[in-house]
Every structure is written in structure tokens, then in C-alpha cells.
1. If a residue has to be part of a helix (DSSP H, G or I) and either within 18 Å of B:LEU188 (Cβ to Cβ) or in contact with an Asp or Glu (Cβ under 9 Å, 6 or more places away or on another chain) (or both) to count, how many in region B:99-108 make the cut?
2. Quick check on region B:227-242. Is at least one of its residues within 13 Å of chain A (Cβ to nearest Cβ) and assigned to a helix (DSSP H, G or I)?
3. Collect the residues in region A:83-103 that are of a type in the set (D, E, K, R), closer than 18 Å to A:SER144 by Cβ and not in a loop (DSSP other than H, G, I, E, B), keeping them in residue-number order.
4. Being modelled with pLDDT of 90 or more and among the small types (Gly, Ala, Ser) is the filter here, so list the residues in region A:169-225 that pass it.
5. If you go through region B:194-210 one residue at a time, do you hit one that is of a type in the set (D, E, K, R), under 26 Å from B:PRO240 (Cα atoms), in a helix (DSSP H, G or I) and under 15 Å from the mean Cα position of the chain (by Cα)?
6. Condition first: touching a Gly at 6+ places or on another chain (Cβ under 7 Å), hydroxyl-bearing (Ser, Thr, Tyr) and without any contact (Cβ under 8 Å) to a residue 60 or more places away in the chain. Now tell me which residues in region B:181-228 satisfy that.
7. Please go through (1) touching a Pro at 6+ places or on another chain (Cβ under 7 Å); (2) within 10 Å of chain A (Cβ to nearest Cβ) for B:GLN155 and return the number of the only condition it doesn't satisfy.
8. Filter region A:181-196 down to the residues that are in contact with a strand residue (DSSP E or B) (Cβ under 9 Å, 6 or more places away or on another chain) and outside any helix (DSSP H, G or I) and list them by number.
Amino acid sequence: MALLTVEDAHVSYRARGAKVEAVRGVSLGVEKGQRLGLVGESGCGKSSLARAMLGLEPLASGVILFDGQPVHGAGPSLRRRFQPVFQDAGSALNPRMTIADCLREPLDIHRVGAASARQARVDELLELVQLPPEVKARLPRTLSAGQRQRVNIARALALEPELLILDEPVSALDVSVQAQVLNLLETIARARSLTLIFISHDLDVVGHLCDEVAVMYAGLLVERGPTARVLESPLHPYTRALCAARAKALEGAAGEPPSPSRWPTGCAFHPRCAVAVDRCRTERPALPNGEHRAACFVTDP
Amino acid sequence: MSTVEVRGLSVELDGAKLLDGLSLSIDEGRLHGLVGESGSGKTTAANAMLRLLPAGAKTRGSAVVGGVDLIALSDAALQRARGRTVAMMLQEPLAALNPVLTVGAHLEETLEVHHRLPKAELRRRAVALLEEVGLPDAQARLKAYPHQLSGGQRQRVLLAAALACEPALLIADEPTTALDASMKGVVLALIRSTAERRKLAVLLITHDLSAVRDVCRDVSVLYAGRLVEQGPVEQVFTRPRHPYTHALLAARPDPMRRGALEAIAGVVPGPGEDVPGCRFHPRCPRAEARCRTEAPVFAVGTACHFPLAPDEGAR
């Protein structure tokens, strides 16, 4: 059985009285030890889905199960088994708490070990993310962005979770620092057989770290498959455009991503799609079963 | 002589050297990429050329555009040169456009400041500019407010405004950073075709190496305020000479090559931080004693005491 199961998840918001459907029926499973990359552009619903998977965003309908139990309304013993790492490393940490306190807080809340042993655990966590013990007494703002993201990763690991859900964890970092943090994640994930859901708009970053890729567009999954197969032979016209832009900066898709307050009918990509047929304008294609598949009437019928 | 000749451009603010001796030239119709990580001085260079630095900043060197040295101009002459000689396209189009002005008002205001023209002529030119940057239904768009446009459309309006006074140099500061992957290519292609058609020199400031590789002719790599490597794109990207350029290219994740990335140890020094010798030496795998004391002079495409041999960094 999958460690995390998303069944027909819908997330919606009310914006100025109007209903905005951010996630419009996503189903996916993540096996234990798997690393799934979730790719999509701004407004595609990937962060809403991430927050829903963490139980932080209520579902309009559908269900999300961790190890067979719903994540919404989960008690502390279930909750500690899946942890988030967010994009903005600075605002994810309390600016008035020292690094030692930031790392100790989850241990205190979940009453992990004897109070006296927690200080040793903080040292262990810092060592794990390759930060010197000197940072313990410092405040988050005195650290570099890369160091702050290491603290967030350490904090997420404090309770020995099985699953990490990372939402654009390296997007705000410079290229040289990004590589350090990606290497760290790789090492830690391998050593602890962690299951990862890694969300990013950057296909290269996702491809480097993950063994499977799922592509989101307009609140829906449009493609899923093993990383190498998705990147080398993408099926969905949208994934094809992303892969073309990755290879050559002047490539891309015509038009612009749709607005969440007014999704196109049928396949949401049809207004930008070069191979769309009449059926694409009225009927929404489903994501079929299989190892590598796409929700497209034309390229994966 | 090129359209743009920057020589020894340096900026000091509160004792910190933000930019230290940048030189580059750009021919008409060409794009020059200026790349570097945060704190490298790339935006400082743009602000120095536009004379938009905060009071107290000391600028040295020259930036000659179309025969005019922007750094030496008097304030009155500068007002005339901005827009006509050099124009800027900013990263965040929503912040760069006044939310209470329509697209038409933006363009007409820009045109009016620089040309005395009758109202009908201003409108005609505004429509022509929007058509040139490929905004559909230009006449109707004049009445639109920035929030009614999409990100890509706003970026086109900014480009139209930058072109309004027919500048010789366009500085584009991270023009695609706020855009989605599927749309970046369209904006880059638009900037490039505009440069070619108008014989415009473009300085493309970005941290996006692939954008520079695919649209620019030449590239300058900055590190902590200093120029470390410069040359034709195909050379710098395939056979980098400076260890920093080499490391920057190697640090990008490649999905087809799993395993550890060649990360650069340490962090970029802060603007006030004084690193003696080569500013990259604390992070450089090739550094020797000389690098710690003696700043390398820029020569033959790179500023490094021990550059990679021409084939050593081949990628």
C-alpha cells in the first residue's frame, strides 16, 4: 500500500465572493522510499496540493491518507510522521527564537525523550545538516539563506519523519548554494530511506533528485512517469513545451497560463495547444493508469 | 567603436566596494549577458549607468553610450539622456507600472516628457509601440490598467515604454525571472528580435545562465563586484577559464546525470566584507598562496592567476 494516497482531492478558495478552484480532482499515490517531483507553473495548484497533503488546507472533497489514515484531523502521533520544508527559509523560522530553540521546539511539543537529552538531539540535528555548533545561539536573520534552509531541514527531521513534503525548497537560493542544499537532501534522504514529495517549477532540480515526476497544469495532473522517460519523451503537449524550454531558452508554449478564477473548458491546455482537436475544447481528458501516462486525447489516447 | 563602451566602472557606497572596475562593450543589435549571483554587483552596474544610485555612492570610470558618457553628464543633460540614450526594463512589471494609470497614460506620459507632440500624435505613437511589441488589440489596450493585464502583457508594456524614446541601449534587469517557464522564451525572443530590428544594444542582467547562453552574443561573469570572465557565449559556456564560471556551470543540476552536484563550498562574501587577493579564493579549489594576497588583473578573457587551460573546463 502507498505511504501517501491522494484520492480525487479538490481544494477551493473564496476570493472576492467568487469560488476559485485551485485543485480540481487530483489522485496520486506515493510508495514508501519513493521520491516524487511535482512540477508546474505558478497558479497551477501545486502549493495548494502540498498544503492539503500536510493537512494544512481543508479539502472541498476527496481524501488524503497517510499510511491509511486521513491527514485532516490527524493526531500528533500520525502528524509527526510527515513534515514540511517551505520555500521562504526566513519566514518559516520565528525571528525571535535562537536556532537551538527553533530546533528544540518540535522535541518539546512532542515530548521526545527526556528534557535533558533534547539538547544533545539539537547538536545531532545540526551535525546532520552540516552546520557548526556556533549557530545555536544565533538568530535566524544572522544566518545566510542557505544556512537558514539547512535549519528548516533539520527542524523537519527532528521528529524522525518518514515523509518530507518540500515546497520549492531551493528556489530562493543562488545556484552555488542550491547545489549544496540539494546534495545535503540527497545524502539525508538516502541514509534514512526518506520518502520525498518535492515541489518545484524547475524541471532540472526535480529531475535531479526524484525518480518519478508528476506534472500539474490548471489544478490537475496532466502527466506522470519515471523521471528519465518524462524528460526524454514527454507525452503531454504542455510537458513537451516545458522540456523544450528547458533545452533551449527561446522555446516555450504560445499564450499564457490560465487564471484560476476562469479555467478553460475541456482540457485546460487547449487554448495554448498546437495539436488540440474539437474534443479537447469540450471534454476533459482523464489521466489513465500505467507507468508513464498523460491526460491527453491526442498524444496518449 | 561599439554603441556601448563601459570602462573601469566602479561604485563605492559607505566604504563598501559594490562594483570594482567593470569594462564591457556592446555592438548595435547585440545582446550582452551580465551574470552573477546575489551581491555580485550586476544590478549596481545597471543603476550606475542610469545614475540611479543612492546619494553618497561614489561612481568612477565611464559608460559611453552613443558617444555620450553617462557617468560624466550634468543633471540637466542626464534628464535628456535617460530614455533617449539608455532605457530600463525592470524585473517586476507590476511594481514598475503605476497601478492607477492606464497603459495609454503610461506610454503617452513617457512620450510627452521627451517629445513635444500633439495629443493625437502621442496616441498614434503609443498604439504603434504596443503593436511593435506584439500586444494584440493595441487600440483597446490603451484603456487597460496594469492589473487587468497578464504578466506577459505587462512585460510587453514595459518594453514598449522603454522603446518610446528610441534609446541606443536597453538595460533589461531580470526580465524573465517573474515569468513562468513556458513564457520566458516568448519574452526573450521578443527582446532579441527588437534589438535586431531597431539596432538596439541590450544589456541582459540575469542569474539565468540558459537564457544568456541562448540569446546573447557575449557574456560577462561577475563575482562579488569584480569581473571574473568575459567572452563570446559559445566560448565561456563550453570552455570556461575562471574556476568560478566553471563551478557555476557545473553546479546546475542535470537530470540525466544523477549523483552529487559539484557544489561551491562556502557563501558569496557580503558587500562590506573585505576579501584580500582574489575575492573567490576562499571558495576556490585551485587557490594558491598568491591568490590570497594579490588580486588578479583581468587579461585575455579572465581575471585569474591560475585559469583552467582551454580544454580543461570543456563541457
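The values are calculated or read from the model by the stated rules, or taken from the named source; none is laboratory data. Owing to the predicted nature of the structure, the values given are computational and were not obtained by experimental measurement. Here Cβ is always computed from backbone atoms with ideal geometry, including for glycine, and neighbour counts include all displayed protein chains.
1. Qualifying residue count, region B:99-108: 0.
2. yes
3. Passing the criteria: none in range.
4. Answer for region A:169-225, where residues must be modelled with pLDDT of 90 or more and among the small types (Gly, Ala, Ser): A:ALA179, A:ALA189, A:ALA191, A:SER193, A:SER200, A:GLY207, A:ALA214, A:ALA218, A:GLY219, A:GLY225.
5. no
6. The answer is B:SER182, and nothing else.
7. (2)
8. Hits for region A:181-196 are A:LEU194, A:THR195, A:LEU196.
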